[in-house]
Amino acid sequence: MKYFNPEIETMPLGQLRRLQGERLQNLAAHLYERVPFYKKQWAEKGLRPADIKGVEDLHKLPFTRKHHLRDHYPFGLFALPVEDTIRLHASSGTTGKPTVVGYSRRDINTFSEVVARSLVASGCQPGMKLQNAYGYGLFTGGLGLHYGGELLGMTVIPVSGGMTERQLLLLQDFRPEVICCTPSYAQRLSEELAARGISPDSLNVHTAILGAEPWTEAIRSQVEAGMGVKAVNIYGLSEIIGPGVSNEDHEERGTGSYIWEDHFFPEIVDKDTGEPLPEGEFGVLVFTTLTKEAMPLVRYWTNDITNIYYEHSEKRTHIKMGPIRGRADDMLIIRGVNLFPTQVEEAIKDFELLLPSYQLIVSREGALDSLAVKVEVKDEVLRALGRPNLAQKPEALPDALRHLHAALAKKIKESIGLTMAIALAEPGSIPRSEGGKLNRVLDLRKGG
Ligand code: ADP
């Protein structure tokens, strides 16, 4: 099977636009009638549903932001009575109350379909086994992949996140072809396999579907080598539906992820002005859910920074998005320089002697913020050098490490524009994913 839904996935763009336009018109009418929040917000701008004739009018409507969801906690933005929903999910949220989302039966069917499309794009086929190591629960990852896998006709193994011993046992004994989890947890599994001397060749797994947090090519290389898989990206957020808003094609890895734009209409806007940006430029990703019933969102400000572009691929007509650099909230501002942790990950990638395992440590000295990066050196390198003490001053390190230290500092300075203290560390000394998302920033300023 090349596509889960060939008609939609290869629909000529003109036809896709018309479909989106019709869906948007219906959505606007539906929300105006049913959700006081939208009626009020649009009325303030003198807008009525009849003003929205197609996606080209979308920019007239105001954004919906995370705080609107919080202000209407828990069910105030629902467009259906709660008793007509068949499931609720919630995202953790960094502060205070979670963000709640509801699904009608049709929404769950849509969710399952977009995940099934994503699975086929990832290289899955009916009959393959899917080890689902996303967390089950209020988080959308576990159940999202579960229903999509079942719809496709895969054999889903609902192991959930964490429990590394059990994951390894299942990989060896159940012999799944596919695993899905966060990229940081896939790094962990790669390392645990190596630590136990389990060769990836002895496993049957050939595909890892990774998402729920930002990751770069450095992690892709580590996981592909460490697990013997092709690693593909899956993206999504609970507010829009969950995982499966977009997905990479396994044969087009590294060129971006197809957004299933018949359901989720994307825009990229300037993070400061909110103005729509031309195709290809980087900004905040904004989505309008064209078909959701229980909790549709109009121009939802995801806070994720990326770009979108048509690649005119032979395979599908839908637009692609590049990797997420990070959430706008995760952006660090250090001495006036903005940076995302993934930029450091990018910088590390070219250094053969390093692992893509790093931590950023932010601290404050007087009135100035400073940033240090701790990054692990590969075990075989340290072994070959007779296990030097990495805690000593860089000048005292063996030549290879001294040069590495200087070259990394230079690379970071050039690519990011910041001088960072660099600490080379023993492999395994930086916290690993326990099964879910990994926070790579240690902020010592908090509370200070
Ligand atoms: P929570 O808010 O609890 O973390 P969500 O699953 O809703 O739960 O999180 C969605 C967010 O996770 C996205 O907005 C994005 O920041 C991040 N994310 C999800 N998938 C990816 C991905 N493939 N690459 C980068 N970031 C991702």
For the chain, find the longest principal axis of its Cα atoms and tell me its angle to the long axis of helix 140-152, 0 to 90°, nearest 10. 70 degrees
Helix-only CD estimate at 222 nm, as mean residue ellipticity for the chain, using -39500 (n - 2.57) per DSSP H run (n ≥ 4): -9500 deg cm²/dmol
Given a 1.4 angstrom probe, what's the average accessible area per residue across the range 230-269, in square angstrom? 18 Å²
Burial-style ranking of 105-112, 427-434, 385-392, average other-beta-carbon count within 10 Å with highest first, yields 105-112, 427-434, 385-392
Enter the per residue convex hull volume of the range 78-148, computed from alpha-carbon coordinates, in Å³ rounded to the nearest integer. 107 Å³
With bins 5 Å wide starting at 0, give me the P(r) of the range 309-448 over every alpha carbon pair, in whole percents. 2, 8, 17, 20, 17, 14, 10, 6, 4, 2, 1, 0
Dipole size in debye (nearest 20) for the chain around its Cα centre, Lys and Arg Cβ +1, Asp and Glu Cβ -1? 840 debye
Rounded to the nearest Å, what's the spacing between the alpha carbon centres of the range 395-448 and the range 48-68? Just the number, please. 43 Å
Angle check, please: helix 183-195 long axis (alpha carbons) against the longest principal axis of the chain (alpha carbons), in degrees 0 to 90, nearest 10. 40 degrees
For the range 399-448, state what percent of all Cα-Cα pairs lands in each successive 5 Å bin, counting from 0 Å until the bin that includes the largest distance. 4, 15, 16, 20, 21, 16, 7, 1
Once Lys and Arg get +1 and Asp and Glu get -1 on their Cβ, which of L354, T419, T342 lies farthest toward the positive end of the dipole of the range 332-443? T419
Ranked by how many other beta carbons lie within 10 Å on average, peptides 34-46, 232-244, 296-308 from highest: 232-244, 296-308, 34-46
Any idea of the accessible area per residue across the range 10-109, 1.4 Å probe, to the nearest Å²? 54 Å²
Taking Lys and Arg as +1 and Asp and Glu as -1, residues besides F4 with C-beta under 10 Å from its C-beta add up to 0
Let me check I've understood the local charge: for E224, count other residues with C-beta under 11 angstrom from its C-beta, Lys and Arg +1, Asp and Glu -1. What total comes out? +2
Can you classify the range 258-325 as rounded, prolate or oblate using the Cα gyration tensor, where a ≥ b ≥ c are the square roots of its eigenvalues, rounded means a/c under 1.5, and otherwise it's prolate if a/b beats b/c and oblate if not? oblate
Give me the percent of DSSP beta bridges within the range 332-443 that run antiparallel, rounded to the nearest 5. 60 percent
Average projected area of the Cα convex hull of the chain, in nm²? 22.5 nm²
Round to a whole number: what % of the accessible area of the chain belongs to carbon and sulfur, probe 1.4 Å? 52 percent
Angle between the Cα long axis of helix 105-122 and the longest principal axis of the chain, 0 to 90 degrees, nearest 10? 40 degrees
Percent antiparallel among DSSP beta bridges confined to the chain, nearest 5, equals 65 percent
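The values are calculated or read from the model by the stated rules, or taken from the named source; none is laboratory data. These figures come from a predicted structure and were not determined experimentally. Note that we place each Cβ from the backbone using ideal geometry, even for glycine, and neighbour counts take in every protein chain shown. Each accessible area value is taken on the protein alone, full model and side chains, heavy atoms only, with ligands, DNA and RNA left out. Shrake-Rupley method; radii C 1.70, N 1.55, O 1.52, S 1.80 Å.
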